[in-house]
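What follows is a set of notes on a single structure, which appears directly below.
The values are calculated or read from the model by the stated rules, or taken from the named source; none is laboratory data. Just so it is clear, the structure is predicted and the values come from calculations on it, not from any experiment. Here Cβ is always computed from backbone atoms with ideal geometry, including for glycine, and neighbour counts include all displayed protein chains. With ligands, DNA and RNA removed, areas are computed over all heavy atoms of the protein, side chains included. Shrake-Rupley method; radii C 1.70, N 1.55, O 1.52, S 1.80 Å.
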Amino acid sequence: MTVESTAARKPRRSAGTKRTSASKSPGTSSPGPELVQLLTPEGKRVKNTENAVYDKYVADVTPEELRGLYRDMVLTRRFDAEATSLQRQGELGLWASLLGQEAAQIGSGRALRDDDYVFPTYREHGVAWCRGVDPTNLLGMFRGVNNGGWDPNSNNFHLYTIVIGAQTLHATGYAMGMAKDGADSAVIAYFGDGASSQGDVAESFTFSAVYNAPVVFFCQNNQWAISEPTEKQTRVPLYQRAQGYGFPGVRVDGNDVLACLAVTKWALERARNGEGPTLVEAYTYRMGAHTTSDDPTKYRADEEREAWEAKDPILRLRAYLESSNHADEGFFAELEAESEALGRRVREAVRAMPDPDHFAIFENVYADGHALVDEERAQFAAYQASFASESESGFAAGEGGN
């Protein structure tokens with residue numbers, strides 16, 4: 001199976017979810033005429049006056065860089081598919097797939113500078129890839145053997161945040177601190193359409209606007225907050241919410257990696273120039289389940305998914321590469337082999353992960369230690385030791401009876 005065909009897999013329809021072709025699923029709302037698009041679903045390059053302000057940010061993208069974006073998306077999808085398989089086989093406790101959102105994550109991730117700082121949720125596997133985080137480190141948390149597996153300051157990529165929307169406040173505070181330090185850097189916070197209804201996000205918008213924080217809020221609107229469609233979250237396009245807080249918002253085609261790259265570069269430039277926050281709404285689609293504990297066939301129509309498969313971000317860029325003669329069959333064949341090797345490496349690494357140290361939970365709670373944590377550690381040590389004592393006692397009693 002080729003990597004691209006992963007997107008074409010269709011979920012089984014659950015009983016009672018059949019819809020006629022004339023019915024309209026809540027998640028198929030029109031993105032509106034304000035969508036920034038530089039690459040059509042057919043792989044055609046778009047250049048017009050409406051996109052001129054963004055087009056210049058990708059005007060000098062080379063064929064090599066385009067192939068790099070394609071490689072990023074393909075390998076990210078392959079890793080994501082392997083993680084889903086590992087969970088189904090009992091190797092992971094849970095997995096949150098990014099299937100269909102590769103362009104939004106790779107485009108925005110490659111717009112960042114090394115000194116920028118990223119605050120993700122728990123689905124930004126493509127952004128983690130762009131920041132140089134080893135994919136196997138992402139899986140340690142979902143396997144339950146570590147609390148994240150990487151040092152956030154090594155890659156300027158914060159640990160995954162499970163609490164919905166909380167990372168936007170972290171990002172805002174961090175950006176405010178950077179501004180006070182006079183740093184020429186920016187912060188980007190990722191969240192989804194469901195998180196946009198959280199109070200933390202509203203507070204982040206308020207503080208970032210009032211303090212002119214150098215932060216980009218990147219909302220991946222995949223149109224479904226688990227089983228809740230965006231129409232149940234807002235009566236206006238999400239990007240328009242920024243107007244009420246006094247900073248700009250823009251909606252971009254989230255399946256167009258070039259547009260996501262350009263718009264994010266523009267927003268980051270504003271932040272670095274002291275122009276304050278920006279809200280970027282990447283209008284995309286979650287082609288898989290919310291997590292592996294979810295069954296999207298219970299609330300989404302097959303017709304909806306099929307319509308979005310035609311807008312697949314990877315196939316879109318491949319069509320452009322082929323029509324522009326920027327990549328040949330040799331490139332695609334080598335990449336396919338590389339993706340399979342990545343899948344094998346990830347699988348082997350996950351299965352080889354050692355069980356965690358039982359006492360690791362007490363590490364890094366406080367920067368300088370704490371008496372209460374020390375007391376809890378001692379109590380836990382005594383509790384663990386009691387099992388060994390009981391085992392030894394039982395063994396001795398058994399010996400005495402022989």
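Values as computed for the structure displayed
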item	result
Condition met for Val216 (of a type in the set (Val, Ile, Thr) and buried (at least 20 other Cβ atoms within 10 Å of the Cβ))	yes
Of all residues making up region 71-104, the number that are surrounded by fewer than 22 Cβ atoms within 10 Å (Cβ to Cβ) and under 11 Å from Arg123 (Cβ atoms)	1
Qualifying positions in region 306-327 - acidic (Asp, Glu) and crowded, with 19+ Cβ neighbours inside 10 Å	Asp312
Every residue from region 168-187 that is over 15 Å from Ser204 (Cβ atoms), without any contact (Cβ under 8 Å) to a residue 60 or more places away in the chain and either in contact with a Leu (Cβ under 6 Å, 6 or more places away or on another chain) or of a type outside the set (Gly, Ala, Ser) (or both)	Lys180, Asp181
Residue among Glu269, Glu303 that alone is outside any strand (DSSP E or B), open to solvent by 10 Å² or more (accessible area, probe 1.4 Å), in contact with a helix residue (DSSP H, G or I) (Cβ under 9 Å, 6 or more places away or on another chain) and among the acidic types (Asp, Glu)	Glu303
Selected residue [modelled with pLDDT of 95 or more, out of contact with any helix residue (DSSP H, G or I) (no Cβ under 9 Å at 6 or more places or on another chain), open to solvent by less than 80 Å² (accessible area, probe 1.4 Å) and part of a helix (DSSP H, G or I)] from Gly343, Gly330	Gly330
Test: Ala282 is open to solvent by 20 Å² or more (accessible area, probe 1.4 Å), closer than 17 Å to Gly100 by Cβ and either in contact with a His (Cβ under 6 Å, 6 or more places away or on another chain) or not acidic (Asp, Glu) (or both)	no
Residue in region 360-368 that is on the phi > 0 side of the Ramachandran plot, open to solvent by 50 Å² or more (accessible area, probe 1.4 Å) and outside any helix (DSSP H, G or I) present	yes
Residue in region 219-246 that is surrounded by the fewest Cβ atoms within 10 Å (Cβ to Cβ), counting only those that are without any contact (Cβ under 8 Å) to a residue 60 or more places away in the chain and assigned to a loop (DSSP other than H, G, I, E, B)	Arg235
Residue list for region 109-133, filter: in contact (Cβ under 8 Å) with a residue 60 or more places away in the chain and in a loop (DSSP other than H, G, I, E, B)	Arg110, Ala111, Leu112, Arg113, Asp115, Asp116, Pro120, Thr121, Arg123, Glu124
Residue in region 106-129 that is in contact with a His (Cβ under 7 Å, 6 or more places away or on another chain) and open to solvent by 20 Å² or more (accessible area, probe 1.4 Å) present	no
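To keep it simple, each residue is scored yes or no on (1) modelled with pLDDT under 95; (2) of a type in the set (S, T, N, Q); (3) touching a Ser or Thr at 6+ places or on another chain (Cβ under 8 Å).
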position	(1), (2), (3)
Gly32	yes, no, no
Val61	no, no, no
Val74	no, no, yes
Ala83	no, no, yes
Arg88	no, no, yes
